[in-house]
Each structure stands twice: as C-alpha cells, then as structure tokens.
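Worksheet: the structure to be examined is printed underneath.
The values are calculated or read from the model by the stated rules, or taken from the named source; none is laboratory data. In this text the structure is predicted, and so the values were computed from the model without any measurement. When we count neighbours, we look across all protein chains shown, and the Cβ atoms used for this are built from the backbone with ideal geometry, even at glycine. We work out accessible area using only protein heavy atoms, side chains counted, and drop any ligands, DNA or RNA first. Shrake-Rupley method; radii C 1.70, N 1.55, O 1.52, S 1.80 Å.
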Amino acid sequence: MIKPKKSESAAITIFGAKGDLTSRKLIPAFYNLYADGHLPTAFAIFCVDFVTIDEQAYRDELLTADNQFSRSGKADKDKWAAFSANIFYIQGDFQQAKTYNTLKEKIKDFEQKQKQKGSRMFYFAVAPRFIEIIGDALCQAKLCTSDTQHRIVVEKPFGTDLDSAKKLNRYLSKRFEEKQIYHIDHYLGKEMVQNIMAFRFANHVFEPLWNKNYIDHIQISVAEEVSVGKRGGYYDSSGALRDMIQNHLLQLFCIIAMDCPKQYEAEAIRDAKVKVLKQVRPLTTDGVFKNVVRGQYTEGEIHGEKQVAYRQEGQVAPDSPTETFVAAKLLIDSERWKGVPFFLRTGKCMARQSSVITIQFKESPHKIFKDDIVPNKLIMSIQPELEIGLLFESKVPGLHMKLTPVEMDFMYKDNYSQSLPEAYEALLLDVLEGDATSFMRTDQIEQAWKIVMPIINAWKKFPRKQLQFYPAGSWGPAAADRLLKPYAKEWFKLAPRNEVAHNTAAIE
Ligand code: BG6
C-alpha cells in the first residue's frame, strides 16, 4: 500500500492530559515513536486539562509514568529531554472559550515557526460527556477546520447503545468529515491482529479453505486475568458486552470472517467489514437466552492472590446484575459461512490472560487409519504469546502406523528479537500519516451495535435471568462450555509456553 506522505510537522493536542490514558499509553507511545525516528521532525504536544500544574512538574510526572509503563523500559535521558521539550501543558476548562484561544495561539506560533501548516491531531482522551463540548469548541475556534490534515481521535465508548451511537455520529458528522474522524479501537493496532490480515490474504494456501466446506466452527476468545479494579463505576453501567464484545471482539470477528477486500486500503477494508457485520443473523429474545451466556465473577483466587467478588468491588451495586463474562454464538447468513458458528467469549478474572482465535477444521471425510483422528486446528494467539500454530496429525516414529496430533508453530519471540511496537504506537502513527485502515468507520460502529442490541434489550427485560456466577480464577461458567458442546468439549486454551508438554506419545 502507498502510505500518504509523512507530514513534515504535527501539532498534537491531547484533551485529558492528566488522565491515565495519557500517561500510561499515549505519551509512552509518542516517546517510542520519537525514539525510533517515526515522528515528524517538528512536532509539539499540547496537553490540556483542568488541573493546575507547572509545565516542568507535568513533564516529570509523564517521565515517571513512561519509565513504569513504556514497553521500552526506562527512557533514555537525552532522548527524553529532547522529546519532552516538545510537550506543553495548558491548564484550562474544556467548557471555556479561553482554553481554546490559548491553544490556538500556541498552535499558530508553532506552525508559524515551522513556516508550514502541517497536520493537527486532536485526541479526545476524555469522558464521553466532553466530546460534544470539545468538538463544538474546536469548530468555533476554527482549530479543526475541514482541512483533511486536521484530524480528531475519539476513544470508545462510542455511545452506550445504537441510538446514542447514532446521535454521537450525527453530531460528529455535522462538524467533521468522515475522513477526519479516527475512531480508535486499540485491538486493531495489536501486532498479531494486524498480522491476521497478512496471514489470510497474502497466503493463498489458506483462503480456499476459509469457508463452510472446511471449517467446522471458529472460537474468538479474549480471557483477562484483571478484575474491574478501580473502574467499578464505569463498568457497572457498561458490562462485558459493551466494554469488549461490541468493539474489540467484533473487530476480531470482522477480520476473521470478512471477504478479501478489493485492495489493502481503508475504504475497501472497511466496506468488507461492514458487509460481514450486516450478514450476522439477528438474535431474537429467545435466541439470546439460548445462544448467549452471561456471567459474573464471585470471590476466588488468581495466581494465589485473593480476589473479591464483583459485587464487592468499589462503586459496584451490591446486587448488581452486570456481566463480567459473555460467551455468544453468532451465525452468518452468507454463502461462505452458512452453518458455521462463531463463538465469541470474553471475561474478567479468568484463570489467566489468553486471547486466542481458533479455527477448527472439519474431520477428514475419508478415514483410512484405525486411530481416532483429531481434526486440524489453526490457532492464532494474540496475547500474551504472539504465535500462529497449526495442529495436524503425524505418525509416531516407530515400526507401526500410529498417529498423534502435533503442532507446527510460528512464534514471534523465536523469529524477531526487537521489542514489538505497542498498539497505540501503530495507531497514532497512522493518524499522523492519515491512514484510516485500522480505524472504525461510522457505519461499522453502528452495525456492531445492531448485533448486540437484541442482547442488551433481552437482558434489560429480564435483568437476572440465567445470570451465571463463576469463581474468580476459573475459566468462566460451565454454561459457556455447554454452548460449545455440539462442536467442542471446551474452549480451546493455549498452554503457556513454559508449561508446554513435549509430545508424550510413546515411540513404537
Ligand atoms: C479496554 C476495556 O477497552 O480493553 C478494558 O475497557 C479491557 O476493560 C481492555 O481490560 C483490554 O485490553 P488489552 O489490550 O489489555 O487486552
């Protein structure tokens, strides 16, 4: 793909400068981009927030966070000094014109010094209620004009249901061109997620098998060890369906299920994703209770550490019915996928972190061996390990024809020595370069809401019906295994690499 020309200067503004996202993700990502030579030669990062803090003290705070959270570890002293000299703190209320006047002056000064207009990025690292306030102010102050080099970056949640998402989208599209709006979903910046595109569409060997003739079912599972922690207030009104399924898991679903796009280009890829989302069979209320499992963690232990029940977490209602776990079976009404179920699962406080996509192939139709044959499986592990494995049958070495399943593996850590860029690095660079390939288009977001709305509505109507409980540190409620039962005994788990047993089939 031809990338748009690297912008020669960039004025970056982060609203929500004092928030966790800025210190843990955005600044470390910008720093790594700078350290690796990917930022434009001239750049400025204007960080806006309500809190009063001296600029140098703010930079020092960012350094402490960078040292703790950056994938590259402690920042290099000289590089950090040079990088952080481009960070400017602006104390201001998002609701006051004064804030934007100050910002405008600073951006203009910066651009005049560069003797060029360059690009402008406005990152909304703020609570949803500020989006419209900041959006209006940016337009009124003519900070973000219709120039396609002026871009806004919006974080999820993109609404809390289809209506609110439409309202937000209508609001944004009245003020900004679609080409200027970057809806960020950090899963689309993950290295392995980006590699699935390459794997599917650059290797002709797999694409002919990618359909109902060869595939029995597909599992997309994002298991998290972490609890809701300090985010109880937000989480209790969101739940796993809105927090993970509507966005991250449906994004993974799109990449696995979409047809080959016309070309590797933002609009073609997003068209292909919207097409497959539209083909998902809508669930009825009955269908929700048959095909979707919701669960909530109770107290337990994760890696020897005690974990309180969800209902005991801070800012969570003591009788909360909010789900911290969801497993769902989706069907796609298309020629390619007729009858192939897609199982999506996510949960907090599970036994261990493991995000894995499993393509379960069908059994071989013609059996010539006496042994039971384990059908082929293609495993794509997104995190914590990054790898692609193919499970296939092989002859046990020896004098007789005895078979055993073995795995052919491509592991990132064995093939690449450098530390991999964080999702935010890839995505922020894309925004600077005007490449929307890994961002969601408005119609895609609305289509994803259409898929989850029947679930939201059914659960709203019957708030406690079939709510399952699972102990923290387990793999979720048994009902999620029962959902899979006609297709597989249990959800596929990738053994952590230090626990992998060598093939124990006895040599004959
Ligand atoms: C966020 C969710 O979008 O993604 C969190 O709000 C979740 O609840 C997180 O923990 C998971 O992201 P990752 O990159 O840690 O898998």
Taking region 113-130, which residues are over 16 Å from F176 (Cβ atoms) and more than 25 Å from the chain's Cα centre (by Cα)? K113, Q114, K115, Q116, K117, G118
Residue that is nearest to the ligand (Cβ to nearest atom), among those in region 191-249 that are in a helix (DSSP H, G or I), of a type in the set (D, E) and open to solvent by less than 50 Å² (accessible area, probe 1.4 Å): D243
Could you please let me know if F462 is under 28 Å from N291 (Cα atoms), open to solvent by 40 Å² or more (accessible area, probe 1.4 Å) and of a type in the set (A, V, I, L, M, F, W, C)? yes
Return the residues of region 48-82 that are open to solvent by less than 70 Å² (accessible area, probe 1.4 Å), touching a helix residue (DSSP H, G or I) at 6+ places or on another chain (Cβ under 6 Å) and of a type in the set (D, E, K, R); say none if nothing qualifies. R59, D66
Hey, does region 254-271 have a residue that's of a type outside the set (K, R), over 29 Å from L21 (Cβ atoms) and touching a Pro at 6+ places or on another chain (Cβ under 8 Å)? yes
Residue identified as touching a Lys or Arg at 6+ places or on another chain (Cβ under 8 Å) and either within 16 Å of the ligand (Cβ to nearest atom) or in contact (Cβ under 8 Å) with a residue 12 or more places away in the chain (or both) among G434, G398: G434
Would you be able to say whether some residue in region 141-156 is open to solvent by less than 40 Å² (accessible area, probe 1.4 Å) and out of contact with any strand residue (DSSP E or B) (no Cβ under 8 Å at 6 or more places or on another chain)? yes
Kindly indicate whether any position in region 379-387 is away from the ligand (no atom under 16 Å from the Cβ), hydroxyl-bearing (S, T, Y) and open to solvent by less than 40 Å² (accessible area, probe 1.4 Å). no
Which residues, taken from region 131-140, are within 24 Å of D185 (Cα to Cα) and surrounded by fewer than 16 Cβ atoms within 10 Å (Cβ to Cβ)? E132, I133, D136
Of the residues D60, D76, only one is under 21 Å from Y424 (Cβ atoms), free of Cβ contacts under 8 Å to residues at least 60 places away in the same chain and acidic (D, E); which? D76
Kindly provide the set of residues from region 257-271 that are crowded, with 18+ Cβ neighbours inside 10 Å and either assigned to a helix (DSSP H, G or I) or within 11 Å of the ligand (Cβ to nearest atom) (or both), ordered by number. A257, A266, I269, R270
Conditions: (1) more than 24 Å from the chain's Cα centre (by Cα); (2) at pLDDT below 95; (3) surrounded by 15 or more Cβ atoms within 10 Å (Cβ to Cβ). Y412 meets all but one. Number of the miss? (1)
